[in-house]
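Asker: This is the structure I have questions about; it appears just below.
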Protein chains: 2
Amino acid sequence: MATIKDVAKLAGVSIATVSNVLNGGRYVSPELRSAVLQAVRTLGYVPNGVAQSLRSRKTQTLGLIVPDITNPFFSGLVQALERSARDRGYQMLLCNSEENAELEFDLALALASRQVDGLIVIPTQDSPEYLRKLKADGLPVVLLDRIGGEDDLDRVGVDNFQAARVGTEFLIRQGHREILLLVSTLELSNIRDRAEGYRQALAAAGIPQDPQWVIECGKDAPSLEAVLEAIQHHRPTAIFASTNRLSLLAIQAIRRLKLGFPEEISLLGFDDFEWSTLLEPYLSAVVQPIEALGFQAAQILLDRLKGDTSPPKRVLLPCDLAVRQSVQRR
Amino acid sequence: MATIKDVAKLAGVSIATVSNVLNGGRYVSPELRSAVLQAVRTLGYVPNGVAQSLRSRKTQTLGLIVPDITNPFFSGLVQALERSARDRGYQMLLCNSEENAELEFDLALALASRQVDGLIVIPTQDSPEYLRKLKADGLPVVLLDRIGGEDDLDRVGVDNFQAARVGTEFLIRQGHREILLLVSTLELSNIRDRAEGYRQALAAAGIPQDPQWVIECGKDAPSLEAVLEAIQHHRPTAIFASTNRLSLLAIQAIRRLKLGFPEEISLLGFDDFEWSTLLEPYLSAVVQPIEALGFQAAQILLDRLKGDTSPPKRVLLPCDLAVRQSVQRR
DNA sequence: GTGAAAGCGCTAACAG
DNA sequence: CTGTTAGCGCTTTCAC
């Protein structure tokens, strides 16, 4: 690979001049400029980004840690993030934490050591301590989606409480009073918020509650068994699946039990995605603004890189309710 | 951020010694060693990966260009790739080409300029010329999934011809003779291979063919209209959707036309994915070994990085046929 | 067994 | 207007 020296020699100028025509640093006479450009072309010179980074102390790279790229919600976020980053001249180092807190920690350190300019994390647990430290060490961090804890970190997510409340109210308005809530794990505060929204909606409607109606199904490999059992035991008229994965599980359970769907049992999901059109009747769901989430997170981080030192931001986006066919009036 | 100099000063040794205890370069006496380790700990020293890269001419980073992370087939590939890379101490710069050849080219150059150690590309078009050049310049490249053209590049994909042939034969064995083939675009050789497998299966069964039965639906935003029209015009008893996206489209068309499914019309898909379980009857499909594809691609690339200079490899993995409910015997 | 110093490729401050 | 040079943080010779 040709270096800046090779170009300088071939063009008969100093390396400073090469650098200046390439980066528009200072004025260079037309003659030298074209000589340089010519040399660049004949050598196929491409600047060494690593050297640039070492020198400038900027890598133009963002680190991104995601629990599972395979989940359409996360892959949608990744897409939005990558696009925003690219538009602003940044590249993205993508890591998969596989819902493993320890791995997540190691990955974050590895990214920091690689000198990423900033970090976007969808954490495995609420507001991990180590991220505060990284931030204190000067690495801008923004938390995405899972934004629990009264953090001093920037974070963008959705108003889970409100979203779940609106969803539950919709179910209630459709005449449902026996509503099963499926959650992944109550260890995540955004899931707890959803549970709380559900509870408050019930309370406001004067519907008696029972913690037993909130079913914890597991974060990584949610169990069908739990859902089957809960349905058989409680005989709900509606299920509110608070996660896209859980909608899938609910469907499987409903089919397994050969319940009439949606006549006998209604289903309200969380998140909208291309493949949910495979389901018939078409899934009604609380939908998160995936693009906007990714975009906002990138925006905030990039602003920080530009020197924004305002106090930590907290962006809570609203969800929509997509009313389709899987919820039937009672 | 502390540098190696700070550590050396605090430990009262030279930077060479610090480097040596950290990288196990040469023997260091126990006393100095522990002094260094101590200093590292109190300073919270983390080596600067950029400097290491500049010096060692290795970034421990792989570039990955994918047409659409949002497609479960690709995101599955990304997951497998990332895992393999991570297991061997590599990180991944992920780029989304959005099915845009020009963007893909720019991204590849940007990655090369960032000195990635190797490149894995799922190209937008068959065997792009520029990749040969990058390889000639010393950048190991492996093509994944879309591996058309008689390349001198390493490539791993699936035996599309065979897979489509087996799928079509299955349909024929179930008594179907009027089989519509849905393809994204015949510009991709792997799709052409699928079409060819379909044709050969028909030919072998003595079923007359008509190029009109192969419907091109478009690569990025396949059109429902084309499918609707084709079904109405040809009245097939079965549809073979040669792409996961196309299965979705086929379903939508079948529903729109209110055809009995699978009694009136059968559907065979391509690719298996978690969310396809939403479909009832459950989709029968030709399934690609996603994990193995990703793993093999990473393997080959990493071997090249280790110095493997054998001639370009071509790995063709076989597909499976998942027989479920969406294809009905005639 | 350890330290000093060169140099990876680049940018920017300093000279002219 | 352009060239020379220091130095980013590290690894690795070369010297002792």
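Asker: Could you tell me which of the residues A:62, A:32 is within 40 Å of the chain's Cα centre (by Cα) and either under 22 Å from residue A:103 (Cα atoms) or within 16 Å of DNA strand D (Cβ to nearest atom) (or both)?
Answerer: A:62
Asker: Please state which of the following conditions residue A:51 fails to meet, knowing it meets all the rest: (1) within 23 Å of residue A:294 (Cα to Cα); (2) facing chain B (nearest Cβ under 8 Å).
Answerer: (1)
Asker: Moving to a separate point now. Using the structure shown, decide if residue B:52 is open to solvent by 50 Å² or more (accessible area, probe 1.4 Å), within 11 Å of DNA strand D (Cβ to nearest atom) and without any contact (Cβ under 8 Å) to a residue 40 or more places away in the chain.
Answerer: In short, yes.
Asker: Can you name every residue in the range B:30-48 that is touching a residue at least 24 places away in the same chain (Cβ under 8 Å), away from every other protein chain (no Cβ under 14 Å) and touching a Ser or Thr at 6+ places or on another chain (Cβ under 8 Å)?
Answerer: Hit for the range B:30-48 is B:36, nothing else.
Asker: Those residues that are within 15 Å of DNA strand C (Cβ to nearest atom) and either touching a Pro at 6+ places or on another chain (Cβ under 7 Å) or in a loop (DSSP other than H, G, I, E, B) (or both), I need them from the range B:32-59; list them, please.
Answerer: Within the range B:32-59, B:47, B:48, B:57, B:58, B:59 meet the criteria.
Asker: Here's a follow-up. Which count do you get for residues in the range A:20-31 that are open to solvent by 40 Å² or more (accessible area, probe 1.4 Å) and either within 10 Å of DNA strand C (Cβ to nearest atom) or assigned to a helix (DSSP H, G or I) (or both)?
Answerer: Qualifying residue count for the region: 7.
Asker: For residues that are assigned to a helix (DSSP H, G or I) and in contact with a strand residue (DSSP E or B) (Cβ under 8 Å, 6 or more places away or on another chain), tally how many sit in the range A:223-238.
Answerer: Residues flagged as assigned to a helix (DSSP H, G or I) and in contact with a strand residue (DSSP E or B) (Cβ under 8 Å, 6 or more places away or on another chain) within the range A:223-238 amount to 5.
Asker: Out of the residues in the range A:273-288 that are assigned to a strand (DSSP E or B) and away from every other protein chain (no Cβ under 13 Å), state the one that is farthest from residue A:145 (Cα to Cα).
Answerer: Initial filter on the range A:273-288 (assigned to a strand (DSSP E or B)): A:284-287.
Next cut, away from every other protein chain (no Cβ under 13 Å) only: A:284, A:286-287.
Working: A:284: 21, A:286: 15, A:287: 13 Å.
Filtering first and then ranking leaves A:284.
Asker: Another question about this same structure. Those residues that are assigned to a loop (DSSP other than H, G, I, E, B) and hydroxyl-bearing (Ser, Thr, Tyr), I need them from the range B:243-272; list them, please. It would help to see each step written out before you state the result.
Answerer: Restricting attention to the range B:243-272, the residues satisfying the condition of being assigned to a loop (DSSP other than H, G, I, E, B) are B:243, B:257-265, B:271-272.
Result: B:243, single match.
Asker: Testing residue A:59 on (1) facing another protein chain (nearest Cβ under 9 Å); (2) over 30 Å from residue B:276 (Cα atoms); (3) touching an Asp or Glu at 6+ places or on another chain (Cβ under 8 Å); (4) open to solvent by 20 Å² or more (accessible area, probe 1.4 Å), one condition comes back false. Which one is that?
Answerer: It is condition (4) that residue A:59 fails.
Asker: Please go through the range A:185-206 and give me each residue that is touching a Leu at 6+ places or on another chain (Cβ under 7 Å) and within 21 Å of residue A:99 (Cβ to Cβ), ordered by number. Spell out how you get there, then give the answer.
Answerer: Taking the range A:185-206 as the starting set, the residues that turn out to be touching a Leu at 6+ places or on another chain (Cβ under 7 Å) are A:192, A:195, A:198.
Within the range A:185-206, A:192, A:195 meet the criteria.
Asker: Assuming residue B:260 fulfils every condition listed in (1) over 30 Å from residue B:136 (Cβ atoms); (2) within 12 Å of chain A (Cβ to nearest Cβ); (3) of a type in the set (Gly, Ala, Ser) apart from one, which condition is it?
Answerer: (2)
Asker: State which residue is surrounded by the most Cβ atoms within 10 Å (Cβ to Cβ) when the search covers only the range A:70-109 and only residues that are on the phi < 0 side of the Ramachandran plot, within 10 Å of another protein chain (Cβ to nearest Cβ) and of a type in the set (Asp, Glu).
Answerer: Selected residue: A:82.
Asker: A further question follows. For the condition under 19 Å from residue A:72 (Cα atoms) and either assigned by the TED database to the domain that holds residue A:146 or open to solvent by less than 30 Å² (accessible area, probe 1.4 Å) (or both), what is the one hit in A:253, A:221, A:241?
Answerer: Numbers: A:253 fails: under 19 Å from residue A:72 (Cα atoms); A:221 fails: either assigned by the TED database to the domain that holds residue A:146 or open to solvent by less than 30 Å² (accessible area, probe 1.4 Å) (or both).
Unique residue meeting the criteria: A:241.
Asker: If you take the residues of the range A:1-15 that are near DNA strand C (Cβ under 9 Å from one of its atoms) and open to solvent by 40 Å² or more (accessible area, probe 1.4 Å), which of them is farthest from the chain's Cα centre (by Cα)?
Answerer: Per the stated criteria, the residue is A:14.
Asker: Got a sec? Which of B:327, B:323 is open to solvent by 60 Å² or more (accessible area, probe 1.4 Å) and under 26 Å from residue A:224 (Cβ atoms)?
Answerer: Only one candidate qualifies: B:323.
Asker: May I ask you to verify whether residue A:114 is more than 16 Å from DNA strand D (Cβ to nearest atom) and modelled with pLDDT of 95 or more?
Answerer: No.
Asker: Just the residues that are outside any loop (DSSP other than H, G, I, E, B) and either within 16 Å of DNA strand C (Cβ to nearest atom) or more than 22 Å from residue B:117 (Cα to Cα) (or both), please, taken from the range B:62-72. I'd like the intermediate steps shown before the answer.
Answerer: As a first pass, look at the range B:62-72 and keep what is outside any loop (DSSP other than H, G, I, E, B): B:62-66, B:72.
Passing the criteria: only B:72.
Asker: Right, another one. Being within 10 Å of DNA strand D (Cβ to nearest atom), among the hydroxyl-bearing types (Ser, Thr, Tyr) and away from chain A (no Cβ under 14 Å) is the filter here; which residues of the range B:1-29 pass it?
Answerer: Within the range B:1-29, B:14, B:17, B:19 meet the criteria.
Asker: On to the next question. For the range B:43-89, give me the residue count where each residue is aromatic (Phe, Trp, Tyr) and under 19 Å from residue A:94 (Cα atoms).
Answerer: 2
Asker: Still on this model: Can you say whether residue B:271 is charged (D, E, K, R) and open to solvent by 20 Å² or more (accessible area, probe 1.4 Å), as far as the supplied structure shows? Working first, answer last.
Answerer: Values: charged (D, E, K, R): yes; open to solvent by 20 Å² or more (accessible area, probe 1.4 Å): no.
In short, no.
Asker: To continue, here is another question. Within the group A:199, A:245, A:255, which residue is more than 14 Å from chain B (Cβ to nearest Cβ) and of a type in the set (Lys, Arg)?
Answerer: A:199
The values are calculated or read from the model by the stated rules, or taken from the named source; none is laboratory data. Given the structure is predicted, the values throughout are model-derived calculations rather than measurements. Here Cβ is always computed from backbone atoms with ideal geometry, including for glycine, and neighbour counts include all displayed protein chains. All accessible areas refer to the heavy atoms of the entire protein, side chains included, with ligands and DNA or RNA removed. Shrake-Rupley method; radii C 1.70, N 1.55, O 1.52, S 1.80 Å.
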